[in-house]
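Asks: Below is a structure I'd like to ask you about.
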Amino acid sequence: MKIIATNLGDRKEVSWKGKLLTTGIFKYAVKEPVFLDVEDVKGDAVCDRKHHGGTDQAVYGYSLKHYDYFKNLHPDLDWQTGMFGENLTIEDLDETNIHVGDTFKVGESILEVTKPRQPCKTLGVRFNDMKIVKQFWNSTFSGVYFKVLQTGFVKAGDVFEQIKSCPENKTIATVYQEKRTKKASN
């Protein structure tokens, strides 16, 4: 696995269904290295601290391979990395093979896998189509949140070197499916 793109977003106000929504989901690739800090990525807007950022969600990674699935569902969009609000677009991030607690050395940083992302309405706003939220829930393509154990810079091309494996823990896909099932039963 390696980083294909590092993505940052600015604080943006969007009018959605007559209401103003402030979000940082509109992320775009940057050429310079980004600094992964304890609670977020430096220079990246995190507007909803209740649901984003913090030590267990400091960095969001998403697989470039998942883009093809969603491009088929939304062919008219201007596709570019960062579309899912991820800080790191990763070559082949497979949630069915990544376990909670797995740890990776990437660039100057050490990252620990914490949990899957749960889609919310801001993803629908980003896609200008709320169908994406249900489509996202109905896949195993949740992406991965990371805790930053060692801060530092990362850049496109940096390789994820696994330094700790936790096969005794649930995979991110399993955790995601359990949350989806629980949400559906409520």
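Asks: Can you tell me how many residues within region 49-79 are surrounded by 13 or more Cβ atoms within 10 Å (Cβ to Cβ), assigned to a loop (DSSP other than H, G, I, E, B) and free of Cβ contacts under 8 Å to residues at least 40 places away in the same chain?
Replies: 3
Asks: Is region 80-91 home to any residue that is surrounded by fewer than 18 Cβ atoms within 10 Å (Cβ to Cβ) and under 30 Å from GLY18 (Cα atoms)?
Replies: Scanning region 80-91 turns up at least one residue that is surrounded by fewer than 18 Cβ atoms within 10 Å (Cβ to Cβ) and under 30 Å from GLY18 (Cα atoms).
Asks: Also, quick follow-up: So for region 157-179 (the condition being touching a Lys or Arg at 6+ places or on another chain (Cβ under 9 Å), without any contact (Cβ under 8 Å) to a residue 60 or more places away in the chain and among the aliphatic types (A, V, I, L, M)), does at least one residue qualify?
Replies: no
Asks: Checking the conditions here, which among LYS147, LYS115 is within 30 Å of LYS17 (Cβ to Cβ), surrounded by 15 or more Cβ atoms within 10 Å (Cβ to Cβ) and in contact with a helix residue (DSSP H, G or I) (Cβ under 7 Å, 6 or more places away or on another chain)?
Replies: Among LYS147, LYS115, only LYS115 is within 30 Å of LYS17 (Cβ to Cβ), surrounded by 15 or more Cβ atoms within 10 Å (Cβ to Cβ) and in contact with a helix residue (DSSP H, G or I) (Cβ under 7 Å, 6 or more places away or on another chain).
Asks: Looking at LEU8, LEU20, which is the one that is over 27 Å from GLN150 (Cβ atoms) and either part of a strand (DSSP E or B) or modelled with pLDDT under 90 (or both)? Even if it seems obvious, please write down each step before you answer.
Replies: Working: LEU8 fails: over 27 Å from GLN150 (Cβ atoms).
Just a single option satisfies the conditions, and that option is LEU20.
The values are calculated or read from the model by the stated rules, or taken from the named source; none is laboratory data. Since we're looking at a predicted model, the values are computed, not measured. All Cβ positions, even for glycine, are placed from backbone atoms using ideal geometry, and neighbour counts span all protein chains on display.
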